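First comes the structure, then the notes that go with it.
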Amino acid sequence: MRNRRIALFLTVSAVAPLAPVLAPATAAAAENPLRPYLQQKPSWHRCGTELPASLQCATIKVPLDYAKPGAKKLDLAISRMKTSTKRERRGVLLLNPGGPGGPGVDMPLYLADELPKAVKNKYDLVGFDPRGIGQSSPVGCGLTADERNWERPYKAETFTKDVKWARTVAEKCDKKQGDKLRHFTTRNTARDMDVIRAVLGEKKISYLGYSYGTYLGAVYTQIFPKRSDRFVLDSAVDPARVWRGMIQVWAEGAEPAFTRWTEWTAVRHSTYKLGRTPEAVRKTFYGLVAQADRKPIDLDGTLLTGDDIRGGFRGLFFGTRDAAEAVAEVKKAAAGAPQSTDRELRTPEPVPPSFGRTVPEDNGDAGFWAVVCADTRAWPRDPEQYRKDAIRDKARYPLYGDFASHIKPCAFWKKTGSEPATRIDNKVGALILQNEWDSQTPLTSGQGLRRAMKGSKMVTVAGGVGHGIYGNKSCADKTATTYLTTGKLPAKDVTCKAAPAADERRTPDRLPLPTPPGVPAMAGRF
């Protein structure tokens, strides 16, 4: 058993644009107050002496409020790796790793080793830290480690404490950031992307976005359809469920994954000793949960409660073998078996200073709440609504329902966005990639984006496990590469089969999808 795997779960209508929006380049300069932003000349330099010289970085300015472009400004960190084949060059491929709260200036470096040569010949790879994240005027709320832990299951005896936690997070963020908070939205990040496009001298941009980055890309196509070239949206967010619904979908998606796992594990009782039938495996798991609720189980020096097991294992069940190994280890620990001496506990890596600016330790969490709370006004404001929903969803989705529907800081967020949530409903061409067994953006989520983007096509990887497809040597890669290099979308939606035994693994740890510190689950972001 690789205890490393157990450690993973223990750690951590188109919107009416603001006036003025990014005006066309043909508009008279006097009529476009964004002209100073669009005509910036980046001062490119090597990103770091320890990094390849081919990775260049620069900082540009964007308005905090696009309705008042002459007022406060934000720094926006951008990066690029230029293609070496000018004759084949088509333009730029803008990259986003997800989040909200995921920095992206290092994406060109990561993906340079993963993307096909044909794609790198066509595009300069361009990364950026979204506003408020990493090197881009980073936000922070001064949250403690406990306050950053937002996976809190509903319990009657802790409800008042959890409501206080949610209120405290909201109040801390308001005190630290004030009116700035309402401008850290997906819509404004999409507008920032268009500033990047203009600064780079491109008429259109192509785009590769993972996870939350699919929603960001979809919002861009909604606001700037004529500037959207070839868009690949990988592991997709359903725009109709932004944002509370996208957290709740984790609970909905976990139940069929858990059922599938019990069936897989029962067939392998001789290996894992967890039960000869699916029902017996289920009974074993929930027996461990009940035992840990009575007295925490000591697993390699970490005391696990039943809630720790339910919340932490949610993502593991999408990869059958890893979950079986992990549950077997917990079962041994519960029986008092000797503890492992070769555990490898994952500790959060410190966020390094960038461009002379120290990034707040809670930047990923503060950036996450800033976006999901300001993007939409649909969050319930009455704590009792969260109580009722958590009780209801614990019954519907026993593994994770109460975690997903319980109180969140958005219930008390003071600075909601100045615009309504973006309604995605367009015919812009795009390619959506989706694994059948994705723990963060389940299959139903990708199908939701496909319905909203009527000009798109979707590749579903049947039996595919994990969050993030393109660059992981999937059967979907050929279609994505063809689209990026030729612009040709499939004539209809495509289903391809994952490699044999792919369902036994978790997400391969090759793509730099964000897993900010402070969140105890295996992957706490989209």
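The values are calculated or read from the model by the stated rules, or taken from the named source; none is laboratory data. Note that the structure is predicted; figures quoted are calculated from it, not measured. Quick reminder, even Gly has a Cβ in these numbers, built from the backbone with ideal geometry, and neighbours come from all protein chains shown.
Kindly indicate whether any position in region 152-169 is outside any loop (DSSP other than H, G, I, E, B), among the aromatic types (Phe, Trp, Tyr) and surrounded by fewer than 23 Cβ atoms within 10 Å (Cβ to Cβ).
Yes, because at least one residue in region 152-169 is outside any loop (DSSP other than H, G, I, E, B), among the aromatic types (Phe, Trp, Tyr) and surrounded by fewer than 23 Cβ atoms within 10 Å (Cβ to Cβ).
One line per residue, one yes/no per condition, for (1) among the small types (Gly, Ala, Ser); (2) assigned to a loop (DSSP other than H, G, I, E, B); (3) surrounded by fewer than 24 Cβ atoms within 10 Å (Cβ to Cβ); (4) at pLDDT below 95:
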{"site": "Trp369", "(1), (2), (3), (4)": "no, no, no, no"}
{"site": "Arg381", "(1), (2), (3), (4)": "no, yes, yes, no"}
{"site": "Arg387", "(1), (2), (3), (4)": "no, no, yes, no"}
{"site": "Lys414", "(1), (2), (3), (4)": "no, yes, yes, yes"}
{"site": "Glu419", "(1), (2), (3), (4)": "no, yes, yes, yes"}
{"site": "Leu433", "(1), (2), (3), (4)": "no, no, no, no"}
{"site": "Ser445", "(1), (2), (3), (4)": "yes, no, no, no"}
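Against the condition within 23 Å of the chain's Cα centre (by Cα) and not polar (S, T, N, Q), how does Gly471 come out, does it pass?
Against the criterion (within 23 Å of the chain's Cα centre (by Cα) and not polar (S, T, N, Q)), Gly471 qualifies.
Within region 249-269, how many residues are within 16 Å of the chain's Cα centre (by Cα) and among the aromatic types (Phe, Trp, Tyr)?
Going through region 249-269 one residue at a time, the tally reaches 1.
Taking interchain pairs and intrachain pairs at least six residues apart, which have beta carbon atoms under 9 angstrom, with the first residue in region 132-145 and of a type in the set (Phe, Trp, Tyr) and the second at pLDDT below 95?
none
Do any helices (runs of 4 or more DSSP H) entirely within region 34-144 hold 1 or more residues that are surrounded by fewer than 24 Cβ atoms within 10 Å (Cβ to Cβ) and at pLDDT below 95, and if so, which?
Those helices (runs of 4 or more DSSP H) span 107-112.
Taking the condition polar (S, T, N, Q), more than 17 Å from Tyr207 (Cβ to Cβ) and within 24 Å of the chain's Cα centre (by Cα), does Ser84 pass?
No; evaluated as a whole, the condition is false for this residue.
Taking the criterion of being over 18 Å from the mean Cα position of the chain (by Cα) and closer than 21 Å to Met453 by Cβ, would at least one residue in region 172-191 satisfy it?
yes
What number of residues within region 475-493 are assigned to a helix (DSSP H, G or I), surrounded by 15 or more Cβ atoms within 10 Å (Cβ to Cβ) and of a type outside the set (Asp, Glu)?
7
Is there any pair with a first residue in region 31-47 that is hydrophobic (A, V, I, L, M, F, W, C) and a second that is at pLDDT below 95 whose Cβ atoms are under 7 Å apart and which are 6 or more apart or on different chains, and what are they?
Leu34/Pro20; Leu34/Leu22; Leu34/Ala23
Yes or no: region 350-361 includes at least one residue that is under 18 Å from Trp150 (Cβ atoms), part of a loop (DSSP other than H, G, I, E, B) and at pLDDT 85 or above.
Yes, region 350-361 contains a residue that is under 18 Å from Trp150 (Cβ atoms), part of a loop (DSSP other than H, G, I, E, B) and at pLDDT 85 or above.
Sort out which residues of region 296-317 are surrounded by 17 or more Cβ atoms within 10 Å (Cβ to Cβ), among the acidic types (Asp, Glu) and farther than 27 Å from Glu252 by Cα, and write them in order of number.
Once the filter is applied, which keeps residues that are surrounded by 17 or more Cβ atoms within 10 Å (Cβ to Cβ), among the acidic types (Asp, Glu) and farther than 27 Å from Glu252 by Cα, region 296-317 yields only Asp300.
Residue by residue, here is whether (1) under 22 Å from Pro338 (Cα atoms); (2) of a type in the set (A, V, I, L, M); (3) out of contact with any Pro (no Cβ under 9 Å at 6 or more places or on another chain) holds:
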residue	(1), (2), (3)
Tyr272	yes, no, yes
Arg276	no, no, yes
Val281	no, yes, yes
Asp300	yes, no, yes
Asp308	yes, no, no
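Please pick out the residue among Ala395, Ala452 that is of a type in the set (A, V, I, L, M, F, W, C) and closer than 21 Å to Thr185 by Cα.
From the options Ala395, Ala452, the qualifying one is Ala452.
For the list (1) in contact with a strand residue (DSSP E or B) (Cβ under 7 Å, 6 or more places away or on another chain); (2) at pLDDT 95 or above, I need the number of the one condition that Gly466 fails.
Unmet condition: (2).
Name the single residue, out of those in region 210-248 being surrounded by fewer than 23 Cβ atoms within 10 Å (Cβ to Cβ) and either of a type in the set (Lys, Arg) or closer than 30 Å to Glu325 by Cα (or both), that is nearest to the chain's Cα centre (by Cα).
Ile247
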